[in-house]
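Let me begin by presenting the structure, written as C-alpha coordinates, before commenting on it.
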Amino acid sequence: MAYDDGNVFARILRGELPCKKVYESDFALAFHDINPQAPVHVLVIPKGRYVSMDDFSAQAGAAEQAGFLRAVGETARALGLVDGGYRILANHGRDAHQEVPHLHIHIFAGRPLGPMLDGGSLPPDGSFRRG
Ligand code: 5GP
(Lines give C-alpha, C1' and ligand atoms only; values in the text may rest on other atoms or scores of the structure.)
Protein backbone atom coordinates (compact mmCIF):
# COMPACT_ATOMS: atom_id res chain seq x y z
CA MET A 1 0.00 0.00 0.00
CA ALA A 2 1.44 3.39 -0.99
CA TYR A 3 1.74 6.06 1.67
CA ASP A 4 -1.04 8.70 1.55
CA ASP A 5 0.33 12.14 2.44
CA GLY A 6 -3.24 13.33 3.13
CA ASN A 7 -3.83 11.03 6.12
CA VAL A 8 -4.65 12.76 9.40
CA PHE A 9 -1.40 11.86 11.13
CA ALA A 10 0.65 13.22 8.23
CA ARG A 11 -1.36 16.42 8.59
CA ILE A 12 -0.68 16.53 12.34
CA LEU A 13 3.05 16.05 11.67
CA ARG A 14 2.99 18.97 9.19
CA GLY A 15 1.17 21.14 11.76
CA GLU A 16 -1.96 21.40 9.61
CA LEU A 17 -4.11 19.80 12.32
CA PRO A 18 -3.73 20.34 16.08
CA CYS A 19 -2.89 17.64 18.60
CA LYS A 20 -2.46 17.42 22.37
CA LYS A 21 1.24 16.62 22.41
CA VAL A 22 2.74 14.40 25.11
CA TYR A 23 6.25 13.80 23.81
CA GLU A 24 8.39 14.55 20.77
CA SER A 25 11.83 13.48 19.57
CA ASP A 26 13.70 13.51 16.25
CA PHE A 27 12.00 10.21 15.40
CA ALA A 28 8.51 10.32 16.89
CA LEU A 29 5.56 12.34 18.09
CA ALA A 30 3.14 11.25 20.83
CA PHE A 31 -0.28 12.82 21.39
CA HIS A 32 -3.63 12.04 22.99
CA ASP A 33 -6.14 10.06 20.94
CA ILE A 34 -9.12 12.17 19.87
CA ASN A 35 -11.55 9.40 20.91
CA PRO A 36 -10.01 7.81 24.01
CA GLN A 37 -10.82 4.18 24.80
CA ALA A 38 -9.26 4.34 28.29
CA PRO A 39 -8.50 7.11 30.84
CA VAL A 40 -5.09 7.36 29.17
CA HIS A 41 -5.05 6.73 25.42
CA VAL A 42 -2.04 8.12 23.62
CA LEU A 43 -0.74 7.50 20.11
CA VAL A 44 2.96 7.36 19.25
CA ILE A 45 3.82 7.84 15.57
CA PRO A 46 7.09 7.83 13.69
CA LYS A 47 7.98 11.05 11.86
CA GLY A 48 8.78 9.11 8.69
CA ARG A 49 6.25 8.14 6.03
CA TYR A 50 5.29 4.57 7.03
CA VAL A 51 1.85 3.04 6.49
CA SER A 52 2.03 0.43 9.21
CA MET A 53 4.26 -1.79 11.33
CA ASP A 54 4.77 -4.03 8.31
CA ASP A 55 6.10 -1.15 6.23
CA PHE A 56 8.14 0.33 9.09
CA SER A 57 9.78 -2.93 10.17
CA ALA A 58 10.77 -3.69 6.56
CA GLN A 59 11.86 -0.24 5.36
CA ALA A 60 12.92 1.99 8.26
CA GLY A 61 16.58 2.27 9.14
CA ALA A 62 18.03 1.02 12.38
CA ALA A 63 18.22 4.49 13.97
CA GLU A 64 14.58 5.20 13.07
CA GLN A 65 13.41 1.88 14.46
CA ALA A 66 15.38 2.28 17.67
CA GLY A 67 14.32 5.91 18.02
CA PHE A 68 10.66 5.03 17.60
CA LEU A 69 10.75 2.21 20.14
CA ARG A 70 12.58 4.44 22.60
CA ALA A 71 9.91 7.12 22.11
CA VAL A 72 7.19 4.65 23.15
CA GLY A 73 9.00 3.99 26.43
CA GLU A 74 9.76 7.68 26.97
CA THR A 75 6.11 8.55 26.41
CA ALA A 76 4.92 5.99 28.95
CA ARG A 77 7.45 7.28 31.47
CA ALA A 78 6.47 10.91 30.78
CA LEU A 79 2.86 9.96 31.51
CA GLY A 80 3.83 8.21 34.77
CA LEU A 81 2.46 4.86 33.63
CA VAL A 82 5.27 2.52 34.59
CA ASP A 83 4.10 1.62 38.10
CA GLY A 84 0.41 1.21 37.31
CA GLY A 85 1.02 -0.54 34.00
CA TYR A 86 -0.03 0.03 30.44
CA ARG A 87 -0.82 -1.79 27.20
CA ILE A 88 0.60 -1.05 23.76
CA LEU A 89 -1.09 -2.05 20.53
CA ALA A 90 -0.53 -1.46 16.82
CA ASN A 91 -3.12 -2.36 14.19
CA HIS A 92 -2.00 -3.43 10.74
CA GLY A 93 -4.46 -3.83 7.92
CA ARG A 94 -8.02 -5.05 7.51
CA ASP A 95 -8.44 -7.72 10.15
CA ALA A 96 -6.99 -5.43 12.80
CA HIS A 97 -9.27 -2.52 11.74
CA GLN A 98 -6.44 -0.10 11.06
CA GLU A 99 -8.17 3.21 10.31
CA VAL A 100 -5.32 5.65 9.85
CA PRO A 101 -2.67 4.58 7.29
CA HIS A 102 0.32 5.99 9.17
CA LEU A 103 1.97 3.66 11.71
CA HIS A 104 0.83 4.37 15.25
CA ILE A 105 1.25 2.58 18.54
CA HIS A 106 -1.61 3.00 20.98
CA ILE A 107 -0.77 3.29 24.68
CA PHE A 108 -3.70 2.47 26.96
CA ALA A 109 -3.68 2.92 30.75
CA GLY A 110 -5.48 4.32 33.75
CA ARG A 111 -7.76 1.39 34.59
CA PRO A 112 -7.62 -2.42 34.62
CA LEU A 113 -7.59 -3.20 30.91
CA GLY A 114 -9.26 -6.61 30.92
CA PRO A 115 -8.57 -9.43 28.49
CA MET A 116 -6.15 -8.82 25.69
CA LEU A 117 -8.63 -9.10 22.82
CA ASP A 118 -12.27 -8.00 22.74
CA GLY A 119 -14.46 -11.08 22.45
CA GLY A 120 -12.11 -13.25 24.48
CA SER A 121 -11.06 -16.68 23.35
CA LEU A 122 -12.01 -18.91 20.46
CA PRO A 123 -15.22 -21.02 20.68
CA PRO A 124 -14.84 -24.26 22.69
CA ASP A 125 -14.56 -26.31 19.49
CA GLY A 126 -11.60 -24.17 18.44
CA SER A 127 -13.31 -23.11 15.21
CA PHE A 128 -12.84 -19.67 13.75
CA ARG A 129 -14.98 -17.81 11.23
CA ARG A 130 -14.00 -14.59 9.50
CA GLY A 131 -16.59 -11.86 10.27
P1 5GP B 1 -6.43 2.57 14.32
O2 5GP B 1 -7.80 1.96 14.29
O3 5GP B 1 -6.00 3.03 12.95
O4 5GP B 1 -5.43 1.69 15.01
O5 5GP B 1 -6.55 3.83 15.27
C6 5GP B 1 -6.68 5.14 14.80
C7 5GP B 1 -6.85 6.03 16.01
O8 5GP B 1 -6.65 7.37 15.61
C9 5GP B 1 -8.23 5.95 16.65
O10 5GP B 1 -8.10 5.57 18.02
C11 5GP B 1 -8.79 7.37 16.48
O12 5GP B 1 -9.57 7.79 17.56
C13 5GP B 1 -7.53 8.20 16.33
N14 5GP B 1 -7.70 9.41 15.53
C15 5GP B 1 -8.29 9.50 14.30
N16 5GP B 1 -8.24 10.76 13.85
C17 5GP B 1 -7.58 11.49 14.81
C18 5GP B 1 -7.20 12.87 14.91
O19 5GP B 1 -7.45 13.69 14.01
N20 5GP B 1 -6.53 13.24 16.02
C21 5GP B 1 -6.21 12.35 17.03
N22 5GP B 1 -5.56 12.83 18.09
N23 5GP B 1 -6.56 11.05 16.97
C24 5GP B 1 -7.23 10.63 15.86
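The values are calculated or read from the model by the stated rules, or taken from the named source; none is laboratory data. Fair warning: this is a prediction, and the values are worked out from it, not measured in the lab. Using ideal geometry, Cβ is built from the backbone for each residue, glycine included, and neighbour counts are taken over all protein chains shown. Just so you know, the surface numbers come from the protein's heavy atoms only, side chains and all, with ligands and any DNA or RNA stripped out. Shrake-Rupley method; radii C 1.70, N 1.55, O 1.52, S 1.80 Å.
Observations, loosely collected:
- The residues of the chain present an accessible area of 65 Å² per residue when probed at 1.4 Å with all protein chains retained.
- Apportionment of accessible area to carbon and sulfur, segment 8-111, percent (1.4 Å): 51
- Here each label is just a point 7 Å from Cα along the line to Cβ, and for D4 and D54 those points are 1.6 nm apart.
- Label positions at R70 and K47, each projected 7 Å from the Cα along the C-beta direction, are separated by 1.3 nm.
- Relative contact order %, the chain, counting alpha carbon pairs below 8 Å whose residues are six or more apart: 28
- Placing +1 on each Lys and Arg Cβ and -1 on each Asp and Glu Cβ, with no other charges, gives the chain a dipole about its Cα centre of roughly 200 debye.
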